[in-house]
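The values are calculated or read from the model by the stated rules, or taken from the named source; none is laboratory data. The shown structure was predicted, so the numbers you read here are calculated from the model rather than taken from an experiment. Cβ placement follows ideal geometry from the backbone for every residue including glycine, while neighbour counts extend to all protein chains displayed. Surface accessibility is based on the protein's heavy atoms, side chains included, excluding ligands, DNA and RNA. Shrake-Rupley method; radii C 1.70, N 1.55, O 1.52, S 1.80 Å.
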Number of protein chains: 2
Amino acid sequence: MHLLIAEDDKLHRAFLEKVARNTLADLNVLTMAEDGAEAIQEFDAAEYDSVILDLQMPRMTGVEVAKTIWAKKPSTKILFWSNYTEEAYIRGITKIVPSAAVYGYILKSAPAEQLKLALQGVFVAEQCVIDREVRGVQQRAGDRLLGLSELEYEALVDLCLGLTDKAMAARRNVSLRGAQSRLQHLYQKLGLDKGDIPVGEWGPTYNSRTRAISLALSQGILNADALRKEEENLRVWMGRQQK
Amino acid sequence: MHLLIAEDDKLHRAFLEKVARNTLADLNVLTMAEDGAEAIQEFDAAEYDSVILDLQMPRMTGVEVAKTIWAKKPSTKILFWSNYTEEAYIRGITKIVPSAAVYGYILKSAPAEQLKLALQGVFVAEQCVIDREVRGVQQRAGDRLLGLSELEYEALVDLCLGLTDKAMAARRNVSLRGAQSRLQHLYQKLGLDKGDIPVGEWGPTYNSRTRAISLALSQGILNADALRKEEENLRVWMGRQQK
DNA sequence: CCGAGGTTTGCGGGAACCCGCAAAAACACT
DNA sequence: AGTGTTTTTGCGGGTTCCCGCAAACCTCGG
């Protein structure tokens with residue numbers, strides 16, 4: 001078994017290494033990487049069947065690393081190991097996992113026991129192991145009522161990137177009114193119906209457009225990492241446009 | 001010497017404890033807390049002269065903890081120990097540190113050697129020890145040209161909370177035009193002058209209002225934590241208003 | 001084939017926002 | 001007091017945004 005670990009925090013890295021060595025019997029190769037880019041590089045340099053990824057690393061998110069790894073070799077078993085249950089990450093992962101792939105998602109706050117189980121489950125038994133809390137978020141996102149639809153999510157992304165309505169329309173190939181309509185639905189899902197925003201003597205307190213961003217952030221639907229990545233996508237699109 | 005450590009991550013907590021015991025000779029009491037609220041509670045329960053705080057903890061940020069601790073006992077020596085150099089945190093700290101207080105700021109990524117030095121420096125020699133990188137950010141924030149002034153920062157906060165112009169005006173006790181003027185200056189500092197935003201066939205690409213949030217986030221001037229805290233402040237103000 | 005649910009589009013009005021100009025006011029520093 | 005910087009304010013016009021209404025459209029399952 002050939003295992004690659006990517007984790008930027010020194011202590012966590014050492015801890016992972018120790019636990020992995022203790023729990024995995026047929027561990028032949030174990031390599032450590034300190035950030036996402038390095039992980040990719042290492043993955044290309046040798047043969048690995050199993051990977052442990054921290055989300056939230058400098059230079060390249062765990063989600064991005066997983067994406068490129070699975071693109072090269074979909075059979076790779078990946079265990080995500082993260083601090084948070086941010087919806088942004090979870091949405092990102094479920095969107096890129098190949099149908100046949102084996103993966104797991106476990107929180108850093110979990111006791112060492114659970115980590116061992118997850119290691120065995122994913123890398124040896126080839127099961128998908130997903131933390132209870134994470135599972136909860138995942139379900140909510142899949143639910144059409146509570147979570148955002150893919151379209152609404154796109155609108156949210158564009159909104160958070162600071163695009164105008166017209167720019168969104170152009171990017172998503174819909175009419176101006178189409179883009180606005182999507183925003184409307186987004187506002188509704190986030191609880192920004194006209195009646196719901198508090199009113200003072202100064203008039204309505206919130207601007208739907210900006211308030212939506214605020215809510216999305218505080219609910220973890222989006223985070224700074226995800227934004228950086230989307231910013232990159234946007235740049236790509238803009239590059240294609242001006243040709 | 002009576003030391004209180006607040007840190008939510010298990011591994012880091014253990015590491016801190018070990019290093020502290022090894023480096024600090026006259027260590028009489030050492031207590032651990034797993035989040036901000038607990039830290040305050042513990043601080044009230046016994047006598048401490050020294051504290052190590054993680055920023056980014058559940059329930060209460062390290063910055064908030066420091067604020068209440070210094071309010072009770074300004075002579076307390078505090079060492080901040082964090083993952084990032086986010087401007088939001090640094091700005092928060094420099095705003096609340098009492099003039100006479102001794103404190104330090106060190107990154108988790110620093111080698112153990114530096115941590116030892118910081119412990120000695122802050123708790124024994126009573127010097128202020130601030131990491132090089134952090135220092136850099138601190139300076140930039142103080143600079144009138146690159147960083148945001150206090151007023152502009154306030155405007156940014158209100159903007160990110162999703163307030164309307166009128167609501168900002170009411171909250172900050174200025175005219176409507178006054179609030180807008182502050183926004184204007186903010187846009188300028190962030191590089192959103194009319195000429196600077198790219199234009200496609202669809203017209204200007206960015207909406208200044210939302211783009212400002214996007215930039216602030218990606219530059220770390222503000223983060224989700226800081227926002228949550230400001231959200232609280234806003235709620236307080238709104239409560240006072242409706243009386 | 002039809003109907004239900006979701007999505008897109010046009011139209012139109014009212015509100016909010018962006019911003020240039022210019023004068024007053026506040027503040028710091030000498 | 002005097003000068004310079006920063007901040008506030010009013011005015012006004014052009015733009016963008018928000019959103020209700022209604023019609024077209026698409027897709028999926030009966």
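Strictly over 22 Å apart at the Cα level, which of A:189/B:166; A:10/B:10; A:108/B:108; B:18/B:108; A:77/B:10; A:18/A:108 would you flag in this model? Let's see the in-between values first.
Numbers: A:189/B:166 25 Å; A:10/B:10 14 Å; A:108/B:108 16 Å; B:18/B:108 15 Å; A:77/B:10 27 Å; A:18/A:108 15 Å.
From A:189/B:166; A:10/B:10; A:108/B:108; B:18/B:108; A:77/B:10; A:18/A:108, over 22 Å: A:189/B:166; A:77/B:10.
Could you tell me what % of all Cα pairs in the range A:171-243 have separations over 14 Å?
Numbers: 1885 of 2628 pairs.
Tail of the P(r) past 14 Å holds 72 percent of the pairs.
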* **Pairwise label distance in nanometres, residue B:174 with residue A:113, each label 7 Å out on the Cα-Cβ vector** => 5.7
* **Percent of C-alpha pairs per 5 Å bin, the range B:53-135, short to long** => 3, 15, 28, 27, 19, 7, 0
* C-alpha long axis of helix B:150-161 to longest principal axis of chain B, angle in ° -> 80
* Relative to the first principal axis of the alpha-carbon coordinates of chain B, what is the inclination of helix B:10-23, with its axis defined by its Cα atoms, in degrees from 0 to 90 and to the nearest 10? -> 50
* To do: Taking a label point 7 Å out from Cα toward Cβ, give me the nm distances from residue B:174 to the same spot in the other copies, shortest first, one decimal.
  => 3.7
* **√(5λ) per eigenvalue of the Cα gyration tensor, the range A:2-142, largest first, Å** => 20, 17, 15
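From other protein chains only, count the Cβ atoms within 10 Å of every residue's Cβ in A:209-216, then give the mean. Walk me through the numbers before you get to the answer.
Numbers: counts 5, 12, 5, 2, 10, 11, 2, 0.
Per-residue shielding by partner chains comes out at 6.
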* Asked: Rolling a 1.4 angstrom probe over the protein heavy atoms, how many square angstrom per residue are accessible across the range A:150-241?
  -> 44
* Distance between Cα centroids, the range B:168-233 to the range A:4-24: provide it in whole Å. => 42
* Run through the other copies and list how far each one's label point is from that of residue A:41, in nm with one decimal, shortest first; the point sits 7 Å from Cα along Cα-Cβ. => 4.6
* Structure fact -> In a Gaussian network model of chain B with springs linking alpha carbons closer than 10 Å, the residue among B:141, B:100, B:39 that fluctuates most is B:100
* **For the range B:61-117 and the range A:84-120, distance of Cα centres in Å** => 33
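For chain A, divide the Cα radius of gyration by the Kirkwood radius and give the resulting Rg/Rh value with two decimals. Mind dumping the intermediate values first?
Values: Rg = 20.4 Å, Rh = 19.6 Å.
My calculation of the ratio gives 1.04.
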* Can you pull the percent of the range B:2-126's accessible area that's carbon plus sulfur, 1.4 Å probe, other chains left in place? -> 49
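Give the interface area between chains A and B as buried accessible surface, both sides summed, probe 1.4 Å, in Å² to the nearest 100. Please report the intermediate quantities before stating the final value.
Numbers: alone 12910 and 12900 Å², together 22540 Å².
Adding both sides of the contact gives about 3300 Å².
What's the long-distance tail for the range A:1-83, i.e. % of Cα pairs beyond 17 Å?
On the way: 1278 of 3403 pairs.
Summing the P(r) tail past 17 Å for the range A:1-83 gives 38 percent.
State the percentage of accessible surface on the range A:150-241 attributable to carbon and sulfur atoms; use a 1.4 Å probe and exclude ligands, DNA and RNA. Numbers along the way, then the final one.
Details: 2010 of 4070 Å².
The nonpolar share, carbon plus sulfur, comes to 49 percent.
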* Structure fact -> Note: the protein assembly as shown, point scatterers on Cα, Debye, no solvent; log10 I/I(0) at q = 0.09 Å⁻¹ equals -0.71
* Asked: Taking every residue in B:8-17, how many Cβ atoms of other protein chains lie within 10 Å of its Cβ, on average?
  -> 4
